[in-house]
Each structure stands twice: as structure tokens, then as C-alpha cells.
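Inspection log for the structure reproduced underneath, given as C-alpha cells.
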Amino acid sequence: MMKIQLENIGKRFNTEWIFRNVTFTFEEKSASAILGRNGSGKSTLLQVVAGNLHPTAGQVVYIHNGAVINSDDIFHHLTLVAPYMELIEDFTLSEMLGFHFSFKSYLPGFDKHAISDLLGFVHNEHKQIRQFSSGMKQRVKLVTAILSDVPLILLDEPTMNLDKAGITWYLDLINNFAGNRTIIICSNLHQTESAFANTAIQIEEFK
């Protein structure tokens, strides 16, 4: 179980504050949305939560199973889906799944063949990722993140490149397999991709 406390955090690039004075708690076993327009700082805040960026001010406190953990170790406990993260296109699907799950454990009951079945890509296991459509690549990103046995799932614009059927598939994936974990979703399509969130933070209130 993972709880994350943002304590008066801010992020500045050069002289421009992207956000500041953010105090918020992402509770364990909950889904929270970070909302705002494109370019408002949602992804930057998620990068801070992920430990990929350090806040300019304030601190992020990670509490895992009741104990505070070091921010340098947070990557062990999370998965991240984002438009700026690329799959390894020279890998086949089978190789991509094998590579990812050499770093993360499968959610109980899954292996790479079960994941291929869930993707509906049984006949594409040995096809290179570069041959996949943008929607297929997004499904691979989502399924590897959500079916990893980690307490924290970070999703930045998770329905990007998904058609209507793909969005339904994503919501079913969340509903069926993401329970009892902490989920944070960056979205400017709140009613589509993050309507299931229990709480929300409007990033533009912290300029």
C-alpha cells in the first residue's frame, strides 16, 4: 500500500514557476486525477511524484505499508505510462514483455502469454513493436503498467491513441486489475479517462 504526501511543493524552470505551494495527499488504495489544460504542468507534477524530477521547493513523502521510504527508491514501487515514454521498437511483443517483467513482477495469475491473450495479440507475439499501430502500442504500455505487481500506478493521458473500443478496454483493465492500489491519472479528458477517480487536484490553482 502506498500513500504520497505533497508538502508545499513547487517546481521552477529557470525563473518560471510551473506550480508552487502544492499540498495534497494521494491516499492509499485510491484513484486521484491531476486535471488541467495542456501545458498547465500536469506532467511535470507527475514526474515529480515519480521521482524523475526533484521539486524546487517543499518535499514529497512516500509511505509504503506504513513506513517512509527514500525518494531514490520509489522507482521500485511504481509503473508509469506517458506519451513521452517509448517502447523498444526493435523488440517483438514477447521480447518487450520479457524485458519489462525482468524488472517488475507479474500481478499474481499472469505471465506474458496471459497478457498477450488479454491484449488480444496472440498472433502478434513475434511481431516487432515497430509494426504495431499507435493504439496497439498504447495498449502494451497500459497492460505492462497495470499488470505489474506494484502499489503505485501513474498514468499520463492514458487514452491517447485509443479509439472508443480501446477506451472501454482500458476502463475494464482498471476496473478488473487495478484495485487496492494507488492510481494517479493526469488528464484533460476527465469524463473519459479518469472519471473513476475518488479525488482530483486542479493544477492551475497552484500557479
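The values are calculated or read from the model by the stated rules, or taken from the named source; none is laboratory data. These figures come from a predicted structure and were not determined experimentally. When we count neighbours, we look across all protein chains shown, and the Cβ atoms used for this are built from the backbone with ideal geometry, even at glycine.
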Restricting attention to strands (runs of 3 or more DSSP E) lying wholly within region 131-207, give those where 3 or more residues are closer than 24 Å to residue 5 by Cβ and either of a type in the set (A, V, I, L, M, F, W, C) or touching a helix residue (DSSP H, G or I) at 6+ places or on another chain (Cβ under 7 Å) (or both).
152-156, 182-187
Please work out which residue is farthest from the chain's Cα centre (by Cα), limiting yourself to region 161-207 and to residues that are surrounded by 15 or more Cβ atoms within 10 Å (Cβ to Cβ), of a type in the set (S, T, N, Q) and under 24 Å from residue 8 (Cα atoms).
188
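This table checks each residue for (1) touching a Pro at 6+ places or on another chain (Cβ under 6 Å); (2) within 26 Å of residue 110 (Cβ to Cβ).
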position	(1), (2)
160	yes, yes
171	no, yes
175	no, yes
178	no, yes
183	no, yes
186	no, yes
194	no, yes
198	no, yes
205	no, no
Can you find a residue in region 76-89 that is more than 21 Å from residue 184 (Cα to Cα) and over 15 Å from the mean Cα position of the chain (by Cα)?
yes
Which pairs have Cβ atoms under 6 Å, sit 6 or more apart or on different chains, and link a residue in region 81-95 that is touching a residue at least 12 places away in the same chain (Cβ under 8 Å) to one that is in a loop (DSSP other than H, G, I, E, B) and acidic (Asp, Glu)?
83/157; 93/125; 94/125
With respect to the numbered conditions (1) crowded, with 17+ Cβ neighbours inside 10 Å; (2) modelled with pLDDT of 95 or more; (3) farther than 24 Å from residue 45 by Cβ, which one is the sole condition not fulfilled by residue 115?
(2)
Considering only region 1-46, state which residues are aliphatic (A, V, I, L, M), under 20 Å from residue 85 (Cβ atoms) and outside any strand (DSSP E or B).
45, 46
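Rundown of residues vs (1) more than 26 Å from residue 143 (Cα to Cα); (2) crowded, with 16+ Cβ neighbours inside 10 Å; (3) out of contact with any His (no Cβ under 6 Å at 6 or more places or on another chain), yes/no style:
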{"position": "19", "(1), (2), (3)": "yes, yes, yes"}
{"position": "23", "(1), (2), (3)": "yes, no, yes"}
{"position": "29", "(1), (2), (3)": "no, no, yes"}
{"position": "34", "(1), (2), (3)": "no, yes, yes"}
{"position": "38", "(1), (2), (3)": "no, no, yes"}
{"position": "41", "(1), (2), (3)": "no, yes, yes"}
{"position": "50", "(1), (2), (3)": "no, yes, yes"}
{"position": "57", "(1), (2), (3)": "yes, no, yes"}
{"position": "75", "(1), (2), (3)": "no, no, yes"}
